[in-house]
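The values are calculated or read from the model by the stated rules, or taken from the named source; none is laboratory data. If you're wondering where the values come from, they're calculated on a predicted model, not measured in any experiment. Here the Cβ positions follow ideal geometry from the backbone for every residue, glycine too, while neighbour counts run over all protein chains shown. Ligands, DNA and RNA are stripped out before the accessible areas are found, and what is left, the full protein with its side chains, is counted by its heavy atoms. Shrake-Rupley method; radii C 1.70, N 1.55, O 1.52, S 1.80 Å.
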Amino acid sequence: MSAEVKPKPADRSPGQWFDVRGRRVGLWAYVVMRLSAAGLVLYLFLHLGILSQLAQGPAAWDGFVAIAKSPVILVLDVVLIVGMLAHGLNGLRLTLIGLGIGIPRHKTMLWVFLALTVLLSALSALAIFAETK
Amino acid sequence: MIQKQLTRERAGSWSWILQAMTGLLLLVLLGLHMVAQHFMVKGGLRDYAAVVEWLSNPFIFLIEIVFLIVVTWHALLGVRAVVFDLGLKPQTERRVDVALTVLGIITVAYGIWLSATIVAQGQTLIAAAG
């Protein structure tokens, strides 16, 4: 390990937040984290908004349920689940690293968590499309 | 190679600790939510009557409200971290904090109102139809 670098303020302007050229794999994780975060925040409010249909009675809600089972929405559901898994598992990885757990093996951990994300995403996609047939 | 600092938020700061704790809780709460509300349900979504019946269970109701509070907190704390990375004046940072706090309270209040309305209205409707 090199001498500890004193933390300094973020010096990437917003335009550079998603510029991964010449960066290490950890930066990819950071970009995935911010993009999935933005998507998940938007989705949270969208989800809460849509649930207001439940206050409009059975016709409104059951009408929405019918729409939500269309193939396009199901594909978006898979995108959502991939986002949740990537964000959640990478967040767990960052938490462990931040707490000083597993630092010597951080590279291995990254690949294990990535593999878990892919595996759980695939299983979720299978469940979603198998069930609605 | 010295990497440029990616974010102002440091591991161990109060906002980092809160974000990590709500994040860990979410692994459990979101997992529960996805399994109980979607994966366990045939077709992935309950119809109106089934939603009312499900949410009428006080334990489920409570878990969903706790989930709502934790997920809103985590989301807005995340927005705060990203916004603060823009490099704001302390006064602006305080305004962002106030705005996000208000948004959080409104969101949770809306969610509690909606859940309570679904249960109350739904039981009346189902009793009338029953």
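Looking at B:L26, is it assigned to a helix (DSSP H, G or I), in contact with a His (Cβ under 8 Å, 6 or more places away or on another chain), touching a residue at least 40 places away in the same chain (Cβ under 8 Å) and at the interface with another protein chain (Cβ under 10 Å from one of its Cβ atoms)?
When the stated conditions are applied, B:L26 passes them.
Among the candidates B:L103, B:L114, B:L125, B:L77, single out the residue that is open to solvent by less than 20 Å² (accessible area, probe 1.4 Å) and at the interface with chain A (Cβ under 10 Å from one of its Cβ atoms).
After ruling out the rest, the residue left standing is B:L114.
Could you figure out which of (1) crowded, with 18+ Cβ neighbours inside 10 Å; (2) more than 7 Å from chain A (Cβ to nearest Cβ); (3) under 29 Å from A:S121 (Cβ atoms) isn't true of B:H33?
Result: B:H33 passes all but (1).
Go through region B:1-15 and report how many residues are open to solvent by 40 Å² or more (accessible area, probe 1.4 Å) and in a helix (DSSP H, G or I).
The qualifying residues number 1.
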